[in-house]
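Beneath this line is the structure, given in C-alpha cells, with notes to follow.
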Amino acid sequence: MSDRFTNLIAGILLFFLFLIAVFSILNDTFITDEPPHIAAGYSYLTQKDMRLNPEHPPFLKDIAAFPLLFLDLNFPLQHPAWLQEDNPFWWHQFDLGGEFLYRSGNNPDQILILTRLPMILILILLGFYIFKWARELFGNKTALLALFLFSFSPTFLAHGRLVTTDVGAAAGVFIATYYFIKALKTPSKKNIILAGISFGLAELCKFSVILLIPFFAILALIWWLIKLGTWKSALKILILVFIIGYLLIWPVYQYHVWNYPPERQARDTEFLLGSTPFPFLRETLIWASTKPVLRPFAEYFLGLALVFQRATGGNTTYFLGEVSAAGWKNYFPTVYLIKEPLTFHILTLIALLYAAFL
C-alpha cells in the first residue's frame, strides 16, 4: 500500500471522525461538568484569576474557552459564587457556570458549539498521533487499522466532543510518551525539548497525568536494561524532560494567578486543604501562596493535593447494586469489558494470541 493512498484513507477517516463529532453536538446540551469548566476557562483568560476549579489544571479549559474571547459576553463578576466572600465551596463553580451560561444574557447554544470545537480538534490530534506512531512501528496497514478502530470507538466519540479533561489527558499522555521514547531512541536536543514540552503540556491537562513520572522512569529503566542505551543517557534524558516540563508549567500558572490576590490564594488553600492528611503540605502551600515566585507552583500543587485528598476520602458510587465510597477491585475491569465494543475485545484476543504463539 503506497504512502499516498495511506495518507488519503487516513485523512478520510479523520474527516469522518470530525464530522461525526461536530454533528453530534448540534442541538445538544451541556453535561454536568461542562458549565464550571467553561466558566472557569473564560475567567482564567479574561480575569487571570484561578479561584474557580483549581482541582483541574487550566490548559484544556483555556483551549475550550479561547473562541469565546471573540464574543461580547457578560461575565457575572458581582455574583456571590465569584466573589466568594465566605469560603471557596466546591459548588461555587457550578453556580457560576449556570449563571454565566443561562442568566447573564449570553447565548448558551453558541457557547456550547464554540467551546466543544477545540475539544474535537484535540480528538483529531490524538487520532493523527495514533496513526503516526503505528505507522512508524508497524507500517501503513496497521496504522490504518489502528486509526479505524479509534475513529469509530464509541468511548472516544462520546467523550472527545465534551469540555472535560479525559480525552485531552489521553492525548497528552499518548503524545508525551511518543516523544519521550523518540528521545530515548535518538537523544538529540530537539527530541529532548519536544519530549519535555509534551510532558509539561500533558501535566497541564489533568492531575492524574502525574503518573507519567513513574511511567517514564520505568520506561527509561527498561530502555537501559535491554541495552538500548546507557543508564547515564537514559537518566539524563529523564531528568531533562522533567525539568523542561515543569519549567513550562510555571509560566502557565503564573498567568493564571496574575490577578489572584495572594491573601485570597492563601485563604482558599487553607480552606480547600482543611481535611488533608498531610498538614505539613497544607502549611507549605499556604506559605508559598504569598511568595511571588512560588505562587504558580503553589497553585499547581494545591490542585494536585486536592486530587489526593479526594481520593483518600473516597467517592460515593453505585456499582452492581451496591453503594460505596471505598471502591471495588473489579470496577474498572468490568466497566472496560462492558463499555468497549465486542469486536474490539475479539481483535485484542486475536492480537494477544498472535503475539504469544506466532
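Kirkwood Rh over Cα pairs of the chain into Stokes-Einstein at 25 °C, 0.890 mPa s: D in µm²/s?
110 µm²/s
What does the charge add up to near N74, with Lys and Arg as +1, Asp and Glu as -1, over the other residues with Cβ less than 13 Å from its Cβ? Don't skip to the end; give the middle numbers.
Numbers: positive: R103; negative: D72, E99.
Summing Lys/Arg as +1 and Asp/Glu as -1 gives -1.
If segment 256-358 were replaced by its equivalent ellipsoid, with semi-axes equal to the square roots of 5 times the Cα gyration tensor eigenvalues, what would those be, largest first, whole Å? Before the final figure, lay out each step's value.
Numbers: eigenvalues 368, 74, 27 Å².
Equivalent ellipsoid semi-axes, largest first: 43, 19, 12 Å.
Output wanted: per-residue J couplings in Hz (rounded whole) for segment 38-47, from phi through Karplus 6.51 cos²θ - 1.76 cosθ + 1.60, θ = phi - 60°, x for Gly and Pro.
Each residue of segment 38-47 in turn: 5, 4, 5, x, 5, 5, 4, 6, 9, 10 Hz.
Highest mean first, what order results for 106-112, 301-307 on Cβ atoms within 10 Å? Walk me through the numbers on the way to the answer.
Working: 106-112: 17.3, 301-307: 19.3.
Per-residue Cβ counts within 10 Å, averaged per peptide and sorted highest first, yield 301-307, 106-112.
Within segment 321-341, whose backbone N sits under 20 Å from a point 7 Å along Cα→Cβ of F174?
The answer is 336-341.
May I ask for the net charge around F138, where only other residues with Cβ less than 15 Å from the Cβ of F138 are counted and Lys, Arg are +1 while Asp, Glu are -1? Spell out each step's value before the answer.
Numbers: positive: K132, R135, K141; negative: D3, E136.
After counting each charged neighbour, the total is +1.
Compare Y260, Y246, Y318 in a GNM of the chain, Cα atoms joined below 10 Å, and give the one with the largest fluctuation.
Among Y260, Y246, Y318, the largest GNM mean-square fluctuation belongs to Y318.
Using a Gaussian network model of the chain with C-alpha springs under 10 Å, which one of L77, L272, L114 is most mobile by mean-square fluctuation?
L77
Would you mind ranking V22, V173 so that the residue whose beta carbon has the fewest other beta carbons within 10 Å leads the list? All intermediate terms of the calculation are to be shown ahead of the outcome.
Values: V22 14, V173 22.
Ranked by crowding around the Cβ, least crowded first: V22, V173.
Please state the shape class of segment 123-261: rounded when a/c is under 1.5, otherwise prolate if a/b exceeds b/c and oblate if not, all from the C-alpha gyration tensor.
Working: a/c = 2.21, a/b = 1.01, b/c = 2.18.
Here segment 123-261 falls in the oblate category.
Which lysines have a Cα less than 18 Å from the Cα of K132, not counting those fewer than 8 places away in the same chain?
Reachable lysines: K141, K182, K185.
How far is helix 92-102 tilted, in degrees, relative to the longest principal axis of the Cα atoms in the chain, given as a value from 0 to 90 rounded to the nearest 10?
The angle comes out at about 80 degrees.
Per residue of segment 147-163, what does 6.51 cos²θ - 1.76 cosθ + 1.60 with θ = phi - 60° give for ³J(HN,Hα)? Whole Hz please, x for Gly and Pro, Karplus curve as stated.
With the stated coefficients, segment 147-163 comes to 5, 4, 4, 5, 5, 10, 6, x, 5, 6, 5, 6, 9, x, 9, 9, 7 Hz.
Whole angstrom only: what separates the Cα centroid of segment 282-299 from the Cα centroid of segment 108-168?
Measuring centre to centre over Cα atoms gives 36 Å.
Using the number of other C-beta atoms within 10 angstrom as an exposure proxy, rank T334, T316 with the fewest first. Spell out each step's value before the answer.
On the way: T334 13, T316 9.
Fewest to most other Cβ atoms nearby, the residues stand as T316, T334.
Using only the Cα atoms of segment 262-313, construct the convex hull and provide its projected area averaged over every direction, in square nanometres to one decimal. Don't skip to the answer; put the middle values down first.
Numbers: hull surface 11.6 nm².
Quarter of the Cα hull surface area: 2.9 nm².
For segment 3-124, what percent of Cα pairs sit more than 26 Å apart? Walk me through the numbers before you get to the answer.
Numbers: 2000 of 7381 pairs.
The proportion of pairs with Cα distances above 26 Å equals 27 percent.
Tilt of helix 189-203 relative to the longest C-alpha principal axis of the chain, in degrees (0 to 90, nearest 10)?
For helix 189-203, the angle is close to 50 degrees.
Counting other beta carbons within 10 Å of each residue's own, what order do F242, F174 fall into, fewest first?
On the way: F242 19, F174 16.
Arranged by neighbour count, lowest to highest, F242, F174 become F174, F242.
Taking amide H atoms as placed 1.01 Å from N in the peptide plane, list the residues 5 or more away in sequence, or in a different chain, whose amide H sits under 5 Å from that of K48.
none
With springs only between Cα atoms under 10 Å, which of T46, T343, T142 fluctuates most in a Gaussian network model of the chain?
Highest fluctuation among the options: T343.
I'd like the orientation of helix 3-25 relative to the chain: the angle between its Cα long axis and the longest Cα principal axis, in ° from 0 to 90, rounded to 10.
Relative to the chain, helix 3-25 is tipped by roughly 30 degrees.
Every number here is computed from the coordinates shown, using simple stated rules; none is lab data. Computed from a predicted structure; not experimentally measured. Don't worry about glycine lacking a Cβ; one is built from the backbone with ideal geometry, like all the others, and counts go over all protein chains shown.
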